[in-house]
Structure formats: C-alpha cells, structure tokens
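The values are calculated or read from the model by the stated rules, or taken from the named source; none is laboratory data. Predicted model only: the values in this text are computed from it and were never measured. Ideal geometry is used to build each Cβ from the backbone, glycine not excepted, and the neighbour counts take in all protein chains shown. All accessible areas refer to the heavy atoms of the entire protein, side chains included, with ligands and DNA or RNA removed. Shrake-Rupley method; radii C 1.70, N 1.55, O 1.52, S 1.80 Å.
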Amino acid sequence: MSMHIGVVFPNVMYREGQQGMVKLIQGIEAIGFDELAMFDHVVMGYGTETRRPPHYAPTMPIMEAFSVLAFAAGITSTIGLGTGVLVLPQRQPTLVARQAASIDTLSNGRLRLGVGIGWQRSEFEALDEDFATRGARLEESVAVLRACWGDEHVNFNGKHYQLDEMAFEPKPTQGRSLPIWIGGTKPTALKRIAKIADGWMAMNIPSDGPLADQVARFQDYVAEAGREPTSVPMQMLLSPGPLDKEQRKGFYADTELMKDRVLELKALGFTHTALDCVPLFQLGYRSSDALLERLTEIYQELEPALAD
C-alpha cells in the first residue's frame, strides 16, 4: 500500500476570502493529496508575568476546524478530511460526536478524527475546562464518541461524563468505525494510544530521543495492550524541522531531502504523512496560486517515494 500524504491547511489563506479558500481546497484535492487536515486552537494566550508565551505567535490566524472541514466537504468529493489534532478535552464530547458525525455524513464517510490532550493551560481556562484532568477526560471522551456513533441506546457512566438512555441519530456514515487517531509522544500518551486509538499521530520532538526508539517503544505498548505490534497505523508531519532558517529553506528547496524523510518514515512503519504548509507561506508562497504551484511540484516529486 502506498503511503498516504495529506496537507495541513494554512489558516492564513482566509485572507483571500471565500473564492481563494475554494480554489486552494479544490486544488489540493485535484493534485491528488489524500487528506485535507485542520489543526485546532480556539484562542491563544499572550505571555504574561505568570505564564510563558505559547509555542506559536499568539496572533496567528486560526479558523475553527469543524467549520472549515464542513465547508470543504461541500466543495470536494474524494479527498479525506481530518483534524490533526483536535484538543478534545476542551470540548464537550457529545457535541463533538454530533459535529463529527454530521461532517462524516455530509462527506460520504471521508472524516478521520485526530485528537489530543492539548498543552495550553490558558486556553482551557478561557473555555472553562479543567486542564489537570485532560488526559482522563480524553479517554472518557473517546468512549463517549464511539458509543454515540454505534449504540442505539447511548449510555455512559464515567467520572467526568454521563449519558443515560440517549438517542443519537443519524449515525455517521462510518458508524462506530469512524477512525479516531490520537497524538502524543510521552509514555503516558503512547500507552493511551496503544490501548484505545485507531492510529498514532506522532511528532518529531528532539528531546524525546531517536524516532526509531519512539516507534519501538510504541509498538511494545501496543503488544502490551493485546494488539498486534504493527497493527496500529502511524503518521508523522512532514515539515522543515530544523530551526535554522537556511536549513529550513534548504529542506523545502531540495525535495531530495523530503524524499529521504519519506523513505525513512516508511522504513520505520509509518503509513501516513502530512505536509505542513506554514513554512511554504513563510518562504514566499503567499497566494493560493503560488501555494498550489509549489504543492503540485512537491507531490509529483514525492510520488515515487510514496508508492510501494
């Protein structure tokens, strides 16, 4: 099976308005990419005397993930739609079940739900959600989602969420099988993913050590959970990585390096990757036309490495 490749949608393109959004989304599908992915934040906190600034510029533009995916569902027909990742514990899970089911239904079963626990305490506080219990609530939320999508009588009695004899119709096109992938790299996260997820959305964090060691550790956890070690698919973001501007520029300018990365990921057992568009925008591809031209070149150049 060929390696799947998606595109993380560049939220900044909202500046071209509806026409530009339509052009870019439909263009990404026409190129041949497997998925259009949306990352999730609702608000970003400024650095203050009592908290560090966020990983990203707090004024970065953010479009709400489900809204954009619903928009994309109506103007596309084949490309997969995904979140990478939705901060699930800061959202009410029964409502998330309804939102996801609606997009899956309206897209004829094209949704993949990627979720994570989140990292920004101030965002949880702004949404009146408990940051300290986010891991436990993510696990309960995943169970709530699957119950809503699969059970005629929805019942759930957890520490954080309860449903008593509720109906949930219509079910998503994919039903209970609507895939839920989970992101994370720390041992607690990897154990959770191995136990309950349909796939792992990995991240390349240097402090976590070599990626091969991460994969081996994850597959050990999968086996401990009673599953075949290589049965859980894995995704890695395809992005510049190096913080040095010249290295970053070179990574995108030299697609041979990108091919090498794809081949490395495949050798480690990764089945999916997603192309980060933000660095392309930073490198000067600032219009939908320019982005589509470069994305076409990248896709065509990576195609041999993506195939078996």
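Quick one: which residue in Ala101, Ala126 is over 18 Å from the mean Cα position of the chain (by Cα) and over 25 Å from Thr185 (Cα atoms)? On inspection, the qualifying residue turns out to be Ala126. Could you please let me know if Ala30 is farther than 20 Å from Phe168 by Cβ, open to solvent by 60 Å² or more (accessible area, probe 1.4 Å) and modelled with pLDDT of 95 or more? It is true that Ala30 is farther than 20 Å from Phe168 by Cβ, open to solvent by 60 Å² or more (accessible area, probe 1.4 Å) and modelled with pLDDT of 95 or more.
Taken over segment 104-116, the criterion of being open to solvent by 10 Å² or more (accessible area, probe 1.4 Å), outside any loop (DSSP other than H, G, I, E, B) and over 14 Å from Val7 (Cα atoms) is satisfied by Thr105, Leu106.
Within segment 260-300, the residues that satisfy the criterion of being open to solvent by 30 Å² or more (accessible area, probe 1.4 Å), under 24 Å from Ala202 (Cα atoms), free of Cβ contacts under 8 Å to residues at least 60 places away in the same chain and not hydrophobic (A, V, I, L, M, F, W, C) are Asp260, Arg261, Glu264, Gly269, Gln282.
Taking the numbered list (1) open to solvent by 40 Å² or more (accessible area, probe 1.4 Å); (2) at pLDDT 95 or above; (3) among the aliphatic types (A, V, I, L, M) in turn, Ala37 passes all entries but (1). Taking segment 16-52 as the range and being farther than 30 Å from Leu306 by Cα and without any contact (Cβ under 8 Å) to a residue 24 or more places away in the chain as the test, the residues that pass are Gly17, Gln18, Gln19, Tyr46, Gly47, Thr48, Glu49, Thr50, Arg52.
Within segment 277-296, no residue satisfies the criterion of being in a helix (DSSP H, G or I), farther than 13 Å from Gly27 by Cβ and more than 22 Å from the chain's Cα centre (by Cα).
The residues in segment 53-94 that are crowded, with 22+ Cβ neighbours inside 10 Å, in a strand (DSSP E or B) and either of a type outside the set (Val, Ile, Thr) or without any contact (Cβ under 8 Å) to a residue 40 or more places away in the chain (or both) can be counted, and the count is 4. Screening His160 against (1) closer than 27 Å to Leu237 by Cβ; (2) out of contact with any Phe, Trp or Tyr (no Cβ under 9 Å at 6 or more places or on another chain); (3) part of a loop (DSSP other than H, G, I, E, B); (4) open to solvent by less than 60 Å² (accessible area, probe 1.4 Å) leaves a single unmet condition, (1). When the criteria are applied in full, Ser67 fails the requirement of being over 17 Å from the mean Cα position of the chain (by Cα) and within 21 Å of Thr105 (Cβ to Cβ).
Within segment 108-142, being free of Cβ contacts under 8 Å to residues at least 40 places away in the same chain and either in contact with a strand residue (DSSP E or B) (Cβ under 8 Å, 6 or more places away or on another chain) or among the small types (Gly, Ala, Ser) (or both) holds for Arg110, Gly118, Ala132, Ala136.
Cβ separations smaller than 9 Å between residues 6+ apart or across chains give the following pairs from segment 154-176 residues that are of a type in the set (Val, Ile, Thr) to residues that are open to solvent by less than 100 Å² (accessible area, probe 1.4 Å) and part of a loop (DSSP other than H, G, I, E, B): Val154/Ala167; Val154/Phe168; Thr173/Ser107; Thr173/Gly109; Thr173/Arg110.
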